[in-house]
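Remarks on the structure that follows.
The values are calculated or read from the model by the stated rules, or taken from the named source; none is laboratory data. Worth saying up front: this structure is predicted, and the values here are computed from it rather than measured. Cβ placement follows ideal geometry from the backbone for every residue including glycine, while neighbour counts extend to all protein chains displayed.
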Amino acid sequence: MNRRALFLILLVAGGVLSALRTIAYLAHIHALASALITSAGEIRTKADAEREIAAWRKRSGKEFWMESDSPGGDHNYDAQVANLPVARLHIAEPTGVTVGVTMRDGELRSVTVIDSVGRCPRSVGVGPRMVRREDAESFPYVWQGKIIRDHRGISIVPS
């Protein structure tokens, strides 16, 4: 076998391995994002939120949930799963899921799920939050509650 044929075989094998690695990474990111959305859908009380945050910290490390305080007394927890390394290589659009949990005075105030694809994020609130009319049907599995449609958009009131 000459050197050109060997080089071509190594080049093709390297490309195939790189593609398989990228596919495995994207499958992992998809599984994490799906699990994070499902986890957000399980949160109905402060105890639920604390349980889910603790489980994700155990699974993905302490830095997975970023904590912050807002003026007015809100305490926020935010987690994000994104495909930025693959997006930087221009293999796929930048895509991510962010979950925000807000508590105040020992009570759960809201759970927010933000699904961002490219440069057009969509957000859906779980709890008494407003969402855009066209986005509500995109996330039927995230919340359970009464959906109220009016001139301002859609309010989701927990059941």
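Could you list all residues from segment 94-123 that are modelled with pLDDT under 80, assigned to a strand (DSSP E or B) and either on the phi > 0 side of the Ramachandran plot or not polar (S, T, N, Q) (or both)? Quick ask: steps written out before the conclusion?
Kept after step one, since they are modelled with pLDDT under 80, are these residues of segment 94-123: 115-123.
Going one step further and asking which of them are assigned to a strand (DSSP E or B), we end up with 115-117, 120-123.
Passing the criteria: Asp115, Val117, Cys120, Pro121, Arg122.
Scanning segment 20-63 for residues that are surrounded by 15 or more Cβ atoms within 10 Å (Cβ to Cβ), touching a helix residue (DSSP H, G or I) at 6+ places or on another chain (Cβ under 9 Å) and outside any helix (DSSP H, G or I) yields a single hit, Ile43.
Beta carbons closer than 7 Å, at least 6 apart along the sequence or on distinct chains, pair a first residue in segment 19-34 that is touching a residue at least 60 places away in the same chain (Cβ under 8 Å) and hydroxyl-bearing (Ser, Thr, Tyr) with a second that is surrounded by 10 or more Cβ atoms within 10 Å (Cβ to Cβ) and not in a helix (DSSP H, G or I) for Thr22/Ile91.
A single member of Leu89, Leu11 is on the phi < 0 side of the Ramachandran plot and either surrounded by 14 or more Cβ atoms within 10 Å (Cβ to Cβ) or modelled with pLDDT of 90 or more (or both), and it is Leu11.
Looking at Ala33, is it among the aliphatic types (A, V, I, L, M) and touching an Asp or Glu at 6+ places or on another chain (Cβ under 9 Å)? Taking the combined requirement at face value, the residue satisfies it.
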